[in-house]
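Inspection log for the structure reproduced underneath, given as structure tokens.
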Amino acid sequence: MPTSQPRPEKIEFEGAAGHALAAAIDWPAGRTRAFAIFAHCFTCSKDVFAARRVAHALTAHGFAVLRFDFTGLGSSQGDFSNTNFSSNAADIVAAAEWLARTYDAPRLLVGHSLGGAAVLAAASELPSIEAVATIAAPSSADHVLKHFDRSLDAIRQKGEATVDIAGRPFIIKKQFIEDAEGSRLTDRIHTLRKPLLILHSPIDAIVGIDNAEAIFKAAHHPKSFVSLDQADHLLSDHADAIYAADVIAAWASRFVPAETEELSDEGHVVIAESGEGPYHLEINASGHALSADEPEDVGGTNRGPTPYDLLCAALGACTTITLRMYANRKDLPVTHIETRVDHEKRHAQDSEGAEDNSTKIDVFRRTLIIDGDLTEDQRNRMAQIADLCPVHKTLERASKVETELAPQR
């Protein structure tokens, strides 16, 4: 059975203003290609569907994605009325610095709506960033002022006012307006000089398509534009969010390639903690990258097979290869071979030939699926050959494991 997608890991980190920001890391199932940060839309949260879907798609391509609630929003601490566009960009920088201290510096930024403008502003301050993607982003921070243009005069005169945004009341202060009007986002885009992907809907009623054009013109190559066709601003149709997420993931994989490393020769396996969860391991198996973990119900992150799953896989792989070698050598018309392995610990008294009834033994049950025009005798013979698989023999006979300590590093 394939492993399920691991649940996001909930974390907190200190934002630019010193408040605890609520965040989640969506981990890939195996090895981490690179870290990415997702910045949500204005007054949204890290848990809106578009954020979760984009993060999920990126994990399928090996990215670990940090998404967080900006100061004063969602579950993050702080007062939203004291925030502004510049503080949002600063929170993104703080998130990147936390990742660099805790795991590794992020290499990809993705932002939605005003979050897209914020990642464009923050990217120039983060040398580790190798690619930036925006969804429905405005080309200037003051575009957000259209949400409360009827209250602008009151905010300027009184210093603040309560405005309604998407059915929710927010206090907007004068400093927010002044910061948005004073930001020069186009200048930052022009000096960005990082691969940029712009996704925008031509019928976006909140942030018009002309914003995508302005961003595209201001940016240097490599830059790309993808039309989101009939999507609305929030990508509320699941199909639109999935499409945008898959495009970003495929595009990012080109500009943020997996890092290659020197791997060992055949016959040597190195298993090391990845640091990405209490039990998650990176495995170098004779030059091949694998991973291992434990299920969530025992404290793991379920991002790889368990050690016993790997043991079952070794038995199944060896069995299948042994049968294929026999079929080829005997020129048997075998079209497909599959081995299914189940493992359980069973009381010794329940197993034939067991002498000690007080202990449990490991029982591996194999099911052989052999397709082809074979006689019953040929099929029975192949079942006998399965018992000659080298891993089978290793498991059935006593083995010796020698352990030594390497010099302290």
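Are any residues in segment 53-82 surrounded by fewer than 21 Cβ atoms within 10 Å (Cβ to Cβ) and under 10 Å from the mean Cα position of the chain (by Cα), and if so, which ones? Selection gives H56, A60, H61, G62. In segment 115-142, the residues that are not assigned by TED's automatic domain parsing to the domain that holds A34 never reach a residue that is crowded, with 24+ Cβ neighbours inside 10 Å with C-beta atoms less than 8 angstrom apart, at least six apart or across chains.
Residues in segment 283-309 that are at pLDDT 85 or above and part of a strand (DSSP E or B) were compared, and the one that is farthest from P8 (Cα to Cα) is I283. Scanning segment 110-124 finds one or more residues that are modelled with pLDDT under 95 and either farther than 25 Å from G74 by Cα or of a type outside the set (V, I, T) (or both).
Checking each residue in segment 17-31 for being crowded, with 23+ Cβ neighbours inside 10 Å and over 23 Å from T71 (Cα atoms) picks out only W27.
Out of segment 314-348, which residues are without any contact (Cβ under 8 Å) to a residue 40 or more places away in the chain, among the aliphatic types (A, V, I, L, M) and more than 22 Å from E396 (Cα to Cα)? Residue satisfying the conditions is I337 alone.
Residues in segment 17-36 that are within 16 Å of S75 (Cα to Cα) and in contact (Cβ under 8 Å) with a residue 12 or more places away in the chain: A17, H19, A20, L21, A22, A23, A24, I25. Criterion first (surrounded by fewer than 21 Cβ atoms within 10 Å (Cβ to Cβ) and touching a helix residue (DSSP H, G or I) at 6+ places or on another chain (Cβ under 7 Å)) does V207 satisfy it? Criteria not met by V207. Taken across segment 153-165, residues that are among the aliphatic types (A, V, I, L, M), modelled with pLDDT under 90 and either surrounded by 12 or more Cβ atoms within 10 Å (Cβ to Cβ) or more than 19 Å from I206 (Cβ to Cβ) (or both) do occur, with at least one present. Of all the numbered requirements in (1) modelled with pLDDT of 95 or more; (2) buried (at least 24 other Cβ atoms within 10 Å of the Cβ); (3) not small (G, A, S), F13 misses one, and that requirement is (2). Test E125 against the criterion of being assigned to a helix (DSSP H, G or I) and either surrounded by fewer than 19 Cβ atoms within 10 Å (Cβ to Cβ) or touching a His at 6+ places or on another chain (Cβ under 9 Å) (or both), and give yes or no. When the stated conditions are applied, E125 does not pass them.
Restricting segment 218-259 to residues that are of a type in the set (D, E) and assigned to a helix (DSSP H, G or I) leaves a set whose member that is farthest from the chain's Cα centre (by Cα) is D240. Scan segment 147-189 for residues that are touching a residue at least 60 places away in the same chain (Cβ under 8 Å), within 22 Å of G78 (Cα to Cα) and not in a helix (DSSP H, G or I) and jot them down. Across segment 147-189, the qualifying residues are E160, I165, A166, R168, F170, I171, I172, K173.
Exactly one residue out of A90, A39, A95 is surrounded by fewer than 24 Cβ atoms within 10 Å (Cβ to Cβ) and in contact (Cβ under 8 Å) with a residue 12 or more places away in the chain: that is A90. Residue-level analysis places T43 outside the set of residues that are modelled with pLDDT under 95, outside any strand (DSSP E or B) and either outside the structural domain of T191 (by TED's automatic domain parsing) or under 22 Å from A250 (Cα atoms) (or both). Is segment 105-116 home to any residue that is over 11 Å from the mean Cα position of the chain (by Cα), among the polar types (S, T, N, Q), closer than 27 Å to S140 by Cα and outside any helix (DSSP H, G or I)? Scanning segment 105-116, I find at least one residue that is over 11 Å from the mean Cα position of the chain (by Cα), among the polar types (S, T, N, Q), closer than 27 Å to S140 by Cα and outside any helix (DSSP H, G or I), so the answer is yes. Of all residues assigned to segment 2-21, at least one qualifies as being in contact with a Lys or Arg (Cβ under 8 Å, 6 or more places away or on another chain), outside the structural domain of P106 (by TED's automatic domain parsing) and more than 19 Å from Y103 (Cβ to Cβ).
The values are calculated or read from the model by the stated rules, or taken from the named source; none is laboratory data. Please read all numbers here as calculations on a predicted model, not as lab measurements. Neighbour counts run over all protein chains shown; Cβ positions are idealised from the backbone, glycine included.
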